[in-house]
Every structure is written in structure tokens, then in C-alpha cells.
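This report refers to the structure that appears directly beneath it.
Nothing in this text is a laboratory measurement; each read-out follows from the coordinates by a stated rule. Since the model is a prediction, treat every value here as computed from it, not as a measurement. Positions of Cβ are backbone-derived with ideal geometry, glycine not excepted, and every protein chain shown enters the neighbour counts.
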């Protein structure tokens, strides 16, 4: 495989998972992320959306922000699970093979990406 055929991450999405019992903790983290980091914080979904098996909100950031955002999330996730994946243009592979987990690993609904 040559460098021209290797995928390139144009951005990253961190999906913070929660449930009814951890809703307030997730809302507080969402507020802290928005104040602490220059990132795009997405909607607060209180139902599974797309491939995500739990309630979630998304944090979107650039490759240049990776070294700042990921350590911050690692240290401030307050026990919540975070699913992190690159954005390369191949959503299925990005979610299924290129992802990182902080906390409990949940099976994704990959059919939503097919």
C-alpha cells in the first residue's frame, strides 16, 4: 500500500455514552467540554442514534487538536464511556476497525452504516 492509498483522518468524533442514571453526569461533562476546549459539541441524544447503542453526545475536533482533546477527555470523562473514531470518508471502517474506547466497550449497530 502506498502513501497515496492510505486513509487520512480529516477530523475525529468522540461520542460520550450515557444512560438515564448517568444523564446528569453526561450533561455536566458536555458543559465542561464546551467551556474547556475549542471543539464542536453536538446534540444531547437521549436515545440510541445511528450505530451508537446508548444515549450520547458528540465532540468533533481536528487532527491538530487530537493531542489536546483526547488527554483532556481521558482525565475528565468521570467514568463515562467514550467511543472515539477518525473521519476518513469510510464511516463503516472508521467505526468498526479504527476506533478507540475509553471505558466499557459496547457493540455498535454497524448495519446503520451499511
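Please work out the FRET efficiency for the pair residue 23 and residue 74, using the Cβ-Cβ distance as r and a Förster radius of 22 Å; give the result to the nearest 0.05. Mind dumping the intermediate values first?
On the way: r = 22 Å, r/R0 = 0.98.
Computed FRET efficiency for residue 23 and residue 74: 0.55.
Compute the length gained on full extension between residue 32 and residue 98: take 0.36 nm times their separation in residues and subtract their Cα-Cα distance, giving the result in nm to one decimal. Walk me through the numbers on the way to the answer.
Details: separation 66, 0.36 × 66 = 23.76 nm, distance 2.66 nm.
Fully extending the segment from residue 32 to residue 98 adds 21.1 nm.
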Inset, instruction - Can you pull a Stokes-Einstein diffusion coefficient for the range 26-114 at 4 °C (1.567 mPa s), Rh from Kirkwood over Cα pairs, as a whole number of µm²/s? - result: 94
Legend entry - Helix axis angle, 23-36 relative to the chain longest principal axis, alpha carbon, degrees: 60
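What is the gain in length, in nm to one decimal, between residue 90 and residue 109 on full extension, counting 0.36 nm per residue of separation less the C-alpha to C-alpha distance? If you can, show how the numbers build up before the last one.
On the way: separation 19, 0.36 × 19 = 6.84 nm, distance 1.56 nm.
Extra length from residue 90 to residue 109 when fully extended: 5.3 nm.
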